[in-house]
Amino acid sequence: MATVAQAQTAWLFGEQHDQPDHQRQAAAAVQELAADGRLHAVVLEMAARGRDTRGLPRDASETQVREALHWSESWPWTRYRQVVMNAVRAGVPVLGGNLPRERVRQVMAEPEWDRQVPEGARQRLLDAVREGHCGLLPPSQLAPMARVQIARDRSLAETLAGAARDAPGDGVLLMLSGAVHASHTMGVPLHLSQVAPGLLTRSIGFRATASPAADGFDESRPAAVEPAPDHCAELAKRGMPSPGATEPRPQAPR
């Protein structure tokens, strides 16, 4: 790996969900860190907090793993199976970190979430929500959807903090999430500074070509790009989903 962890550290991989090379690189990081004996846990946006693979044997079937994580096909298993199974085969627990779905509508109506991040970060999140929904989201829904994003970040951060409590000094936690969640300027690191202030973080994003790290990321890794469906055209064609039904589409760091 590019950087050797010298202390209890969280590596936050910020991906774009429709780019397979991002998941492939995250799976390779899981495998390499596990082989070195440093990987303590994997935390995923793709499963809800409270779901995990603890207690499963290394030879657990994919069906058993998916059941343990209550995996939803809104996250295509074929894209993430290698990340998950590399950890399971190495005896490393995989922890869901996302906000449970039943909490989403409640959070949208809780204005106290607006004050959980600095105002500059909140404004960046509002812009990310607007952009992620292609400008089609009604203005009245921007703040509620940003609250959901903030609550998801907090849930992921608290999951990492919990996993860090029994990690060895050279242990590494690996999180895989959408790019916005992994950003220092508006994502999980803002909350880790509160819930796990001693945890070192390294935020890793992806780009089509090698370049300096993007805003909010410590490292920007080159990645292959595959053509993806026109997300905005799809949204416009089917109409916006009902509030809280989906999350903002995380964008690759720019």
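The values are calculated or read from the model by the stated rules, or taken from the named source; none is laboratory data. Computed from a prediction, not measured in an experiment: that's the story for all the values here. A quick note on method: Cβ atoms are made from the backbone with ideal geometry, for glycine too, and the neighbour counts reach across all protein chains shown. Ligands, DNA and RNA are excluded from the accessible area calculation, which covers all protein heavy atoms including side chains. Shrake-Rupley method; radii C 1.70, N 1.55, O 1.52, S 1.80 Å.
At a 10 angstrom cut-off on C-beta neighbours, averaged per residue, how do the peptides 86-93, 179-186, 44-51 rank from highest to lowest?
179-186, 44-51, 86-93
List every residue whose amide H lies under 5 Å from the amide H of ALA10, counting only residues 5 or more places away in sequence or on a different chain, with H placed 1.01 Å from N in the peptide plane.
LEU173, LEU200, THR201, ARG202
Report, to the nearest 10°, how far helix 77-89 tilts away from the longest principal axis of the Cα atoms in the chain, using its own Cα long axis and a range of 0 to 90°.
30
Short version: what are the Cα gyration tensor semi-axes of the range 61-110, square root of 5 times each eigenvalue, largest first, in whole Å? Don't jump to the answer; show the numbers that get you there.
On the way: eigenvalues 133, 28, 16 Å².
Semi-axis lengths for the range 61-110 are 26, 12, 9 Å.
Work out the length of the dipole vector of the chain about its Cα centre, built from +1 on the beta-carbon of each Lys and Arg and -1 on the beta-carbon of each Asp and Glu, and round it to the nearest 20 debye.
280
Given the rule -39500 (n - 2.57) for each run of at least 4 DSSP H residues, summed and divided by the residues of the chain, what is its mean residue ellipticity at 222 nm, to the nearest 500 deg cm²/dmol?
Values: 9 runs with 99 residues, N = 254.
Mean residue ellipticity, 222 nm, calculated: -12000 deg cm²/dmol.
Tell me whether the range 57-186 comes out rounded, prolate or oblate; compute the Cα gyration tensor, take square roots of the eigenvalues as a ≥ b ≥ c, and use a/c under 1.5 as the rounded threshold.
Details: a/c = 2.32, a/b = 1.69, b/c = 1.37.
Because a/c hits 1.5 or more and a/b exceeds b/c, the range 57-186 counts as prolate.
Rolling a 1.4 angstrom probe over the protein heavy atoms, how many square angstrom per residue are accessible across the chain?
Values: 11220 Å² over 254 residues.
Per residue, the chain has an accessible area of 44 Å².
Select one label from (i) 22.4, 84; (ii) 18.0, 60; (iii) 17.3, 51: the one whose number is Rg and Dmax of the Cα atoms in Å as derived from the coordinates shown.
Read-out from the structure maps to (iii).
Tell me which of ILE204, LEU142, PRO93 sits at the most positive position along the dipole axis of the chain, charges placed on C-beta atoms (Lys, Arg +1; Asp, Glu -1).
Of the options given, the answer is LEU142.
Multiplying the sequence separation of ASP215 and GLU102 by 0.36 nm and subtracting their Cα-Cα distance, what value in nm do you get?
Values: separation 113, 0.36 × 113 = 40.68 nm, distance 3.26 nm.
Using 0.36 nm per residue and subtracting the Cα-Cα distance, I get 37.4 nm.
For ALA157, what charge total do you get from the other residues with a beta carbon under 14 Å from its beta carbon, if Lys and Arg give +1 and Asp and Glu give -1? Before the final figure, lay out the partial values.
Details: positive: ARG49, ARG152, ARG154, ARG165; negative: GLU45, ASP153, GLU158.
The answer is +1.
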